[in-house]
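Q: One structure follows; several queries about it will come next.
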Amino acid sequence: MAGLFSKLTKSAEEEPVEVPEPAPLAPIRAGDLERRIELLDSLEDAGLGWFWASDSKGRLIYLSAAARVRLGLEEADVVGKPLAELFQPDDDPNADNTARPLKFVLAAHNSINPMTVRISGTERETWWEIAAKPQFDENDHFLGYRGNAKDVSATHESRRDAEKLSRYDSLTGLANRYLMTKQLTSTLTVFKTAKRSVALMMLDLDRFKQVNDTMGHPAGDELLKQVAARLKRIVGDKGEIGRLGGDEFQVMLPDMDDRGDLGDLGQRVIQMLSQPYSINGMRAVIGSSVGIAVAPYDGIDADELVKAADLALYSAKGEGRGQYRFYSSDLKEGVKHRHQIEEDLRDAIAKSELQMHYQPIVDATTHRVECMEALMRWEHTERGMISPADFIPVAEDVGIIRELGEWALNEVCHQVKSWPETVRAAVNVSAVQFASDDFVKIVRHALQNSQVNPGQIELEITESVFVGDLDRTLRLFRELKDLGVKLALDDFGTGYSSLSYLRDAPFDKIKIDQSFVRGCSADDNNNAAIIAAIVSLAGALGMETVAEGVENKDELTMVKKQGASHLQGILFSRAVPPKDVLERFERGEFEYEPKGPDRYRPDRRTEFRRIGLIHDDHRYKVVLRNLSKTGAKIEGLLDVPVGTQVVIDLGGGQLAVATVRRSEGISQGVEFETPLITDGAEGLCTRHRVSPYQIEAAGRPLAKLDNDAYAALAGNLKGSAKAFIEVEIGSGAKASA
């Protein structure tokens, strides 16, 4: 190696390389127009810079040839074209448009700082970044622009994709939490100035976790996509829809404050989202709960409104799911109540506070009891009886419904052991309980431990158990039937029905949901026809039918006429303790006589609360005794003439114009000018409320409604003498004029 280097070194020394003399420096001077133009051409040809120019009228007079070639345009296509027509602004509503619009800059002859524009007239979408300086003559007359440009299509597309990812949910394509918050905040700000309203719906999916657990996360993702598509069809152009994450969605509805319309929309969302989904050849069934709040009534800013809608959603989920709720100020008490239930429920079994009550299911012809439905009751040591509608949803949420279900099954089996063998007991099975891998084992152990006749036990199963793996569900049915128990399909017709269930599942009985029985004798619904169709279908399949919720004699007559084989409802008996059941059986009393009203009448809620009644310019304190959609019974005013026009103040800005139709002493019956609507729970409310904007106009600060909104609007009422004598209701009643 050393020799090689030696030779190379020696050779280099013997033959020196000749270095040329450096060329003389030739700077491009300002007056060297030819060489400056040559420099400009080389930059344009290499694509390192494009140049353009306009005249004083804003028309393009020059564009680099390389730029035209890139655009696929001829010189005639661009020369003479107005700049404002060639350079289009970015119309993406989410783009950063803080810079002044190009049209404004051109009109003012200002400098064009670097901005991104879309080039019109091209086959593919093209984006340039342009900049320019205005040119003036010695008299300060505008001559036009001289500018440069570069193609930024690739980076613009990347930026737009990145911005979209930051604003939109990648799974459903809906706005994400960030964008929905931004849109809600900006909308509320603008609408506050314009005195407009905004409704907000919060919703989540019931039983979505069950789909994920039984069908897998890819199926859950596909389900969310289909939910988003359905929401788009339902809402249409009425509002903006977003997915906040998980199974939570939000809908913003500008200029909606009619709670009748909002309730209808909420119910339609629930019904549509509850229809079955087809996912990879399998059938999934979920539900939805909806909370509704309206600005400015329930909140002024975004945070306040979202909290109100969240609270309404929480209430909807807590009272049975598959429902909607409007926000009201008393929901906070409901949340406290629910938290207390959650804390106490875990100890209820250990403290022996739970017990099973039984409601008879009788033969439609003989009224002889054939089955007793077991219904769980909770008698709290301090707070008395707690409704199953309150604690069962909590049990499902906190994950102890399986424990409660297993306890109930064992309790019923031991109690039925002492009954006559001609009477069965029906036990409700939750979808969560049914989905557990050891459910059949739990049933088998309950039967063995109690030594009850399996034929005396009937499991009532809702259609929601068909979510996910249908083969597994049918296999469990067969295993349960092999144990000797009977199966009933509960709440049939409430939205998840499929004839394939009845074809493949070995049900012994179909229970017709009480929503079809209620009011079936009225002329303004099709409930009787629906009952007849279900009865006919069940009969063809050899199944019994139970009409649930029979409350009056005209309903009894109608469901019998439609062919229902069995009946259940308070017309025969409410649910009673096991001691009462056993004593009745020991006396040999197996027939139940129907006792109740002759005719169905629309729900009239018994109330006892103080409200306001406005007449002329006076507000009286009265007591609300009962309330229906069309009227109310009040007490507290003496000898009010029939025909008197009044306004009933139901609180929270709810004013109902009414006319006195009956009057006797201190009691009046009033008829509302506009019927009330359901509040999504068991209550009623007005479609419209006193607007906080009206209260603001009366001199108060803008704020969400409180319970005494009318007083804030009207101030201190005074004027002529009171027309009626006000009577204080209660012990030691007093009257005041």
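The values are calculated or read from the model by the stated rules, or taken from the named source; none is laboratory data. Note that the structure is a prediction, hence the values are computed from the model and not measured. Because the Cβ atoms are built from the backbone with ideal geometry, glycine has one as well, and the counts that use them run over all protein chains shown. Remember, those area values only see protein heavy atoms, side chains included, never the ligands or the DNA or RNA. Shrake-Rupley method; radii C 1.70, N 1.55, O 1.52, S 1.80 Å.
Q: Any idea how many residues of the range 619-652 are part of a strand (DSSP E or B) and more than 41 Å from the chain's Cα centre (by Cα)? Before you say what the answer is, go through the steps one by one.
A: Filtering the range 619-652 for residues part of a strand (DSSP E or B) gives 619-627, 631-635, 637-638, 645-651.
So of that shortlist, the ones also more than 41 Å from the chain's Cα centre (by Cα) come out as 637-638.
Within the range 619-652, residues that are part of a strand (DSSP E or B) and more than 41 Å from the chain's Cα centre (by Cα) number 2.
Q: Mind checking which residues of the range 363-381 are assigned to a strand (DSSP E or B) and more than 39 Å from the chain's Cα centre (by Cα)?
A: Listed by number, the residues that qualify are 363, 368, 369, 370.
Q: Residue 388 - would you say it is surrounded by 22 or more Cβ atoms within 10 Å (Cβ to Cβ) and not small (Gly, Ala, Ser)?
A: It is false that residue 388 is surrounded by 22 or more Cβ atoms within 10 Å (Cβ to Cβ) and not small (Gly, Ala, Ser).
Q: Then there's this: For the range 453-471, which positions are open to solvent by less than 10 Å² (accessible area, probe 1.4 Å) and more than 34 Å from the chain's Cα centre (by Cα)?
A: Across the range 453-471, the qualifying residues are 456, 457, 458.
Q: Return the pair list, or none, for Cβ contacts closer than 6 Å from residues in the range 545-560 that are on the phi > 0 side of the Ramachandran plot and at pLDDT below 90 to residues that are among the hydrophobic types (A, V, I, L, M, F, W, C) and buried (at least 21 other Cβ atoms within 10 Å of the Cβ), at least 6 apart or on different chains.
A: Partner pairs satisfying both residue conditions: 549/517.
Q: For the range 398-415, does any single residue satisfy the condition of being at pLDDT below 85, part of a helix (DSSP H, G or I), surrounded by fewer than 18 Cβ atoms within 10 Å (Cβ to Cβ) and within 35 Å of the chain's Cα centre (by Cα)?
A: Yes, because at least one residue in the range 398-415 is at pLDDT below 85, part of a helix (DSSP H, G or I), surrounded by fewer than 18 Cβ atoms within 10 Å (Cβ to Cβ) and within 35 Å of the chain's Cα centre (by Cα).
Q: Looking at the structure I just gave you, is residue 312 crowded, with 17+ Cβ neighbours inside 10 Å, in contact with a Ser or Thr (Cβ under 7 Å, 6 or more places away or on another chain), assigned to a helix (DSSP H, G or I) and not charged (D, E, K, R)? Write out each step before concluding.
A: Details: crowded, with 17+ Cβ neighbours inside 10 Å: yes; in contact with a Ser or Thr (Cβ under 7 Å, 6 or more places away or on another chain): no; assigned to a helix (DSSP H, G or I): yes; not charged (D, E, K, R): yes.
Considered against the rule, which asks whether it is crowded, with 17+ Cβ neighbours inside 10 Å, in contact with a Ser or Thr (Cβ under 7 Å, 6 or more places away or on another chain), assigned to a helix (DSSP H, G or I) and not charged (D, E, K, R), residue 312 comes out as no.
Q: Go through the range 572-595 and count every residue that is buried (at least 16 other Cβ atoms within 10 Å of the Cβ), touching a Leu at 6+ places or on another chain (Cβ under 9 Å) and without any contact (Cβ under 8 Å) to a residue 40 or more places away in the chain.
A: Of the residues in the range 572-595, 0 are buried (at least 16 other Cβ atoms within 10 Å of the Cβ), touching a Leu at 6+ places or on another chain (Cβ under 9 Å) and without any contact (Cβ under 8 Å) to a residue 40 or more places away in the chain.
Q: Still on this structure: What is the number of the single condition among (1) more than 28 Å from residue 394 (Cβ to Cβ); (2) of a type outside the set (S, T, N, Q); (3) within 18 Å of the chain's Cα centre (by Cα) that residue 206 does not meet?
A: Answer for residue 206: the failing condition is (1).
Q: How about the range 113-170: which of its residues are charged (D, E, K, R) and surrounded by 13 or more Cβ atoms within 10 Å (Cβ to Cβ)?
A: Passing the criteria: 118, 129, 146, 150, 151, 159, 160, 163, 164, 167, 169.
Q: Another question about this same structure. If you check 294, 227, which single one turns out to be modelled with pLDDT of 95 or more and more than 30 Å from residue 710 (Cβ to Cβ)?
A: Step by step, each of 294, 227 is checked, and only 227 is modelled with pLDDT of 95 or more and more than 30 Å from residue 710 (Cβ to Cβ).
Q: Where in the range 164-253 are the helices (runs of 4 or more DSSP H), entirely inside, with at least 3 residues that are more than 30 Å from residue 300 (Cα to Cα) and touching a residue at least 12 places away in the same chain (Cβ under 8 Å)?
A: Values: elements: 177-194, 208-215, 217-235.
Answer list for the range 164-253: 208-215, 217-235.
Q: Let me ask something else about it. Quickly run through the range 653-684 and pick out the residues that are in a loop (DSSP other than H, G, I, E, B), under 30 Å from residue 389 (Cβ atoms), in contact (Cβ under 8 Å) with a residue 40 or more places away in the chain and open to solvent by 20 Å² or more (accessible area, probe 1.4 Å).
A: Matches in the range 653-684: 675, 679, 681, 682.
Q: Among the residues of the range 421-432, is any part of a helix (DSSP H, G or I) and either touching a helix residue (DSSP H, G or I) at 6+ places or on another chain (Cβ under 9 Å) or on the phi > 0 side of the Ramachandran plot (or both)? Explain how you work it out, then say what you get.
A: The initial filter retains those residues of the range 421-432 that are part of a helix (DSSP H, G or I), namely 431-432.
Those left that are additionally either touching a helix residue (DSSP H, G or I) at 6+ places or on another chain (Cβ under 9 Å) or on the phi > 0 side of the Ramachandran plot (or both): 431-432.
Yes, that holds for at least one residue.
Q: Cβ contacts < 6 Å: first residue closer than 9 Å to residue 82 by Cβ, restricted to the range 51-64; second residue open to solvent by less than 60 Å² (accessible area, probe 1.4 Å) and of a type in the set (Lys, Arg), any location; separation 6+ or different chain. Result?
A: Final answer for the pair search is 60/81.
Q: Let me ask something else about it. Examine the range 323-332 for a residue that is under 32 Å from the mean Cα position of the chain (by Cα), buried (at least 18 other Cβ atoms within 10 Å of the Cβ), among the basic types (Lys, Arg) and not in a helix (DSSP H, G or I), and state whether such a residue exists.
A: yes
Q: On to the next question. If I go through the range 616-633 residue by residue, how many of them are of a type in the set (Asp, Glu) and out of contact with any Leu (no Cβ under 6 Å at 6 or more places or on another chain)? So that I can check it myself, show each step before the final result.
A: Start the filter on the range 616-633 by keeping residues that are of a type in the set (Asp, Glu), which leaves 616-617.
From the residues that got through so far, the ones that are out of contact with any Leu (no Cβ under 6 Å at 6 or more places or on another chain) too are 616.
Residues flagged as of a type in the set (Asp, Glu) and out of contact with any Leu (no Cβ under 6 Å at 6 or more places or on another chain) within the range 616-633 amount to 1.
Q: Return the residues of the range 536-571 that are part of a loop (DSSP other than H, G, I, E, B), touching a Leu at 6+ places or on another chain (Cβ under 7 Å) and β-branched (Val, Ile, Thr); say none if nothing qualifies.
A: Within the range 536-571, 550 is the sole residue that qualifies.
Q: If residue 481 satisfies every condition in (1) part of a loop (DSSP other than H, G, I, E, B); (2) modelled with pLDDT of 80 or more but one, which is the exception?
A: (1)
Q: Looking at the range 69-87 only, could you name the residues that are touching a strand residue (DSSP E or B) at 6+ places or on another chain (Cβ under 9 Å) and of a type in the set (D, E, K, R)?
A: 70, 75, 81
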